[in-house]
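The values are calculated or read from the model by the stated rules, or taken from the named source; none is laboratory data. The model shown is predicted, which means the values in this text are computed figures rather than measured ones. Positions of Cβ are backbone-derived with ideal geometry, glycine not excepted, and every protein chain shown enters the neighbour counts.
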Amino acid sequence: MTQQHPITPPPELVQQWIGDYYGCPVSGELAGVETAIATRAAQWGADQELEACCLWLQQNCGRWEIPMSLRAARRPKPPSLKEQALTDLDEIGSHYIGPGTAERIKTIRRALEQLDD
């Protein structure tokens, strides 16, 4: 279930975990694999906790929409390409780029809005 979410332990905490494992303080830059494994482990643990909470809610509240809402709020889907393009277009549209740009932006916006998500 792990999706893109900002559950990432800070480097200082990863250093502390590595130091605890080896029994000595760790300082300096972490290797990419150390950070990647710590991040994946933190995300996995968070996902397990979220699923346990959703299961508890479902079993004790008897309402399926509450766990669904919690899951959607805590693990939101990233914006679609269309949504991201429209957001980017809004940002670009607020800056002067050159003659005729406003009409080009309107055309691009109309085309994007006609696309399915």
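Can you find even one residue in segment 44-63 that is modelled with pLDDT under 85 and more than 17 Å from the chain's Cα centre (by Cα)? Checked segment 44-63: at least one residue is modelled with pLDDT under 85 and more than 17 Å from the chain's Cα centre (by Cα). Residue check: I18 meets all listed conditions (1) of a type in the set (A, V, I, L, M, F, W, C); (2) under 25 Å from D117 (Cα atoms); (3) touching an Asp or Glu at 6+ places or on another chain (Cβ under 9 Å) but one, namely (2). For A41, indicate whether it is under 30 Å from R109 (Cβ atoms) and out of contact with any Ser or Thr (no Cβ under 9 Å at 6 or more places or on another chain). Criteria not met by A41.
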